[in-house]
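A.B. asks: Input: one structure, supplied below.
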Amino acid sequence: MTTVTMTVNGAPVSHDVEDRTLLSSLLRDGLKLTGTHIGCDTSQCGACVVHVNGQAVKSCTMFAVEADGAEVSTIEGQANADGSLNVIQQAFQDHHGLQCGFCTPGMVMSTVSLLKDNPKPTETEVRAYLEGNFCRCTGYHNIVKAILAASGQDVSAE
Amino acid sequence: MYAFDIERPTSVADAVAALKDEDALALGGGQTLIPTLKQRLAAPSKLVLLTGIADLQGIANDGDTLRIGGTTTHATVAADTAGSYPALADLASHIGDPAVRNRGTIGGSLANNDPSACYPAVALASGATIITNARAIAADDYFQGMFETALDDGEIVTAVSIPVPEKANYQKFVQPASRFALVGVFVAKFAGGVRVAVTGASNEGVYRWTQAEAALTADFSAAAIAGLSVDADNLIADVHGSAEYRAHLVKVMTGRAVTAA
C-alpha cells in the first residue's frame, strides 16, 4: 500500500491505495466521489475525465499514485460557491445537453478545459475537442449547442 | 490488473537501476500500457514511473534541430513546436484526444512503436535520432518491425533529436473508430533530399517509401509520384481495409502531403 496525498476540489485528502489502483477507483471507491463515471474503462469514452493540475485526463487511465501531490478537480467541484450550477452546467440544463446523463460529468470537465484554452470556440472546434467524450443518447447536437451557449455565443438559430 | 509495485525515481540513473529487476517495465504516460495491463496482456512485477524525472521533460531548439525530452506530452509538443516545426505540432495535435494528449508521451510512443502510431512517421521522415540512457540510435536503425525497436531491455528513451526540414506535412487517413492512422504519410523536404515515411500500412511497422523519395527529390510535386505504384505485398489487411486499399492510400496521402507541404 502507498499513501496518496492530494488536493481534491480544494480539500486536502490522504488515502492508502494499492499501487495498481486507478485514479478513477480512488475517487469513486476511496473518496466516494461517484460523480466521476467509469463508462468503458478502456480510455475511449471520457466519462471519467477529471482535471489533474489543471489538465483534463482520463482518470481510468492514470494510477492514483501518479496523482500524489497533485491538485485534482472533479465534477463535484464545479458548482458555484452557493451550490448553484456553474455556467457550463446551467447551459447543459437549459439546452438539454443530456439525456441519461452518464457522460455528462466528463463532458462538463472537458468543456471547462476547452473554454479555458479557447473561450469562443467554433462548432467545429467544439466537436473536435469532444473527440474523446462519447455520448450514446443525444447525437451531440444539444451538447455542442450548450457549450457554444456557455461560451456566450448566440445559439438561438441552432 | 495483476498486482505490481510502482517505483517513482527522480533521476534517469535511479530509473535504469530500478528497471534491472526482472519483469520491471517503464511507465510513461500509460495511455497504451495501462489499457494493456487492464487486459492482463502484460504482467510486470514492477512499473518504473518516468514522468517524475525532470531531465526527461521539455523541448530545446537550436535552430536546426529540436531535442524533445522522452516524457514530453503530445499536448506540450503540439503547443511548443507550432512555430519551430508546424508539421510536427500538427501531427501531435491529432494524436488520440485532448485528455490522451495530456498524458501520452513522445518517448512512450517511440518505445512502443505501434504500427499505426504517428510519431514513428515524423521521426523516420525527419531522420531523427533516438537518444537513450546508453546511446544514440538513428531512426533508420531504430524501428525494427511491428512493436519492435532497437531498444534493449531496461533501456529508456531519454530524448529524441529531430532535424527540422525546409518543408514538411503529415497526412493521416484515420480509421474512423479508433482514429489511429489507417495510413499516415509524413513527407519531409531537406536541402539534401526528401524523406517519406509511412505508418499504419505495413506489417513491418513504419517504413520509408524510397521510390517516392527519389522522385520527389528530383521534383517536389504530386505529379512526380503519379507514375509510381505501391506494392501491396506485406501491407496490413484487416476488416478496415485490404492491403491493396492501403497501397492505394499510401500514394494518395503522399501526394496530398507534398501538395500541402
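A short reminder: the numbers here are calculations on the coordinates, not readings from a lab. Bear in mind that the values here come from a model prediction, so they are computed numbers and not experimental data. Here the Cβ positions follow ideal geometry from the backbone for every residue, glycine too, while neighbour counts run over all protein chains shown.
A.B. asks: Note the per residue figure in Å³ for the convex hull of the C-alpha positions in the protein assembly as shown.
C.D. replies: It comes to 149 Å³ per residue, whole-number rounded.
A.B. asks: A further question follows. By per-residue mean of other Cβ atoms within 10 Å, what is the highest-first order of A:139-151, B:89-101?
C.D. replies: Result, highest mean Cβ count within 10 Å first: B:89-101, A:139-151.
A.B. asks: Would you calculate the volume per residue, in Å³, of the smallest convex hull containing every Cα atom of the range A:2-77? Please list the in-between numbers first.
C.D. replies: Numbers: hull volume 5.4 nm³, N = 76.
Each residue corresponds to 71 Å³ of Cα convex hull volume.
A.B. asks: Moving on. What does the C-alpha gyration tensor say about the overall shape of the range B:62-110? Classify as rounded when a/c is under 1.5, otherwise prolate if a/b is larger than b/c, or oblate.
C.D. replies: oblate
A.B. asks: What are the radius of gyration and Dmax of the range B:54-163, computed over its Cα atoms and given in Å?
C.D. replies: Radius of gyration, then largest Cα-Cα span, for the range B:54-163: 12.5, 36 Å.
A.B. asks: If we restrict to alpha carbons, what Rg and Dmax does the range B:143-218 come to, in Å?
C.D. replies: 14.3, 42
A.B. asks: Next question, about the same structure. P(r) tail for the range B:167-260, what percent of Cα pairs lie past 24 Å?
C.D. replies: 15
A.B. asks: Ignore the peptide's own chain and count Cβ atoms of other chains within 10 Å of each Cβ in B:30-37; give me the average, rounded.
C.D. replies: Working: counts 6, 5, 2, 1, 10, 7, 0, 2.
Mean shielding count: 4.
A.B. asks: Moving on to the next point. Would you work out which of B:Q39, B:S93, B:I130 lies farthest towards the positive end of the dipole of chain B, given +1 charges on the beta-carbon of Lys and Arg and -1 on that of Asp and Glu, about the Cα centre?
C.D. replies: The Cα lying farthest towards the positive end belongs to B:S93.
A.B. asks: Rounded to the nearest 20 Debye, what is the dipole magnitude of chain B about its Cα centre when Lys and Arg each give +1 and Asp and Glu each give -1 at the C-beta?
C.D. replies: Details: 18 positive and 27 negative charges, 153 e Å.
The calculated dipole for chain B is roughly 740 debye.
A.B. asks: Same structure, new question: Within the set A:K58/B:K46; A:K58/B:K172; A:K58/A:K120; B:K38/B:K251, which residue pairs have Cα atoms separated by over 31 Å?
C.D. replies: Listed pairs above 31 Å: B:K38/B:K251.
A.B. asks: Let me ask something additional. Based on a Kirkwood Rh over C-alpha pairs, give the Stokes-Einstein translational diffusion coefficient of the range B:5-49 at 4 °C and viscosity 1.567 mPa s in µm²/s.
C.D. replies: Roughly 121 µm²/s, to the nearest whole number.
A.B. asks: Where the Cα atoms of the range B:1-118 are projected onto their three principal axes, how long is each span, largest first, in whole Å?
C.D. replies: That gives 43, 30, 22 Å along the principal axes, largest extent first.
A.B. asks: Size of the dipole of chain A about the Cα centre, Lys and Arg at +1 and Asp and Glu at -1 on the beta carbon, nothing else charged, in debye to 20? Provide the component values of the computation, followed by the final result.
C.D. replies: On the way: 9 positive and 17 negative charges, 57 e Å.
The dipole of chain A has a size of about 280 debye.
A.B. asks: At q = 0.11, 0.12 Å⁻¹, what log₁₀ I(q)/I(0) does chain B have when each alpha carbon counts as one equal point scatterer in the Debye sum?
C.D. replies: Taken in order of the listed q values, log10 I(q)/I(0) reads -0.58, -0.68.
A.B. asks: Could you give the distance between the Cα centres of the range A:1-67 and the range B:71-113, to the whole Å?
C.D. replies: Here the two parts' Cα centres lie 23 Å apart.
A.B. asks: Run the simple label-point estimate for A:V87 and A:C137 please: 7 Å along Cα→C-beta, distance reported in nm.
C.D. replies: 2.5
A.B. asks: Moving on to the next point. Stokes-Einstein at 37 °C, 0.692 mPa s, Kirkwood radius from Cα pairs: D for the range A:3-158 in µm² s⁻¹?
C.D. replies: It diffuses with D of about 208 µm²/s by this estimate.
A.B. asks: Same structure again: For A:F63, list long-range residues whose amide hydrogen, built 1.01 Å from N in the peptide plane, is under 5 Å from its own amide hydrogen.
C.D. replies: Hits under the 5 Å cutoff: A:L23.
A.B. asks: Using all Cα-Cα distances in the range A:87-150, what percent lands in each 5 angstrom bin from 0 up to the longest?
C.D. replies: Reading upward from the zero bin: 4, 21, 36, 29, 9, 1.
A.B. asks: Right, here's the next one. Only Cα pairs under 8 Å and at least 6 apart count here; give the relative contact order of chain B as a rounded whole percent.
C.D. replies: Working: 581 pairs, mean separation 39.5, N = 261.
Computed over chain B, the figure is 15 percent.
A.B. asks: Considering every residue in A:129-135, what mean count of other chain Cβ atoms within 10 Å of its Cβ is obtained?
C.D. replies: Mean shielding by partner chains, rounded to a whole number: 3.
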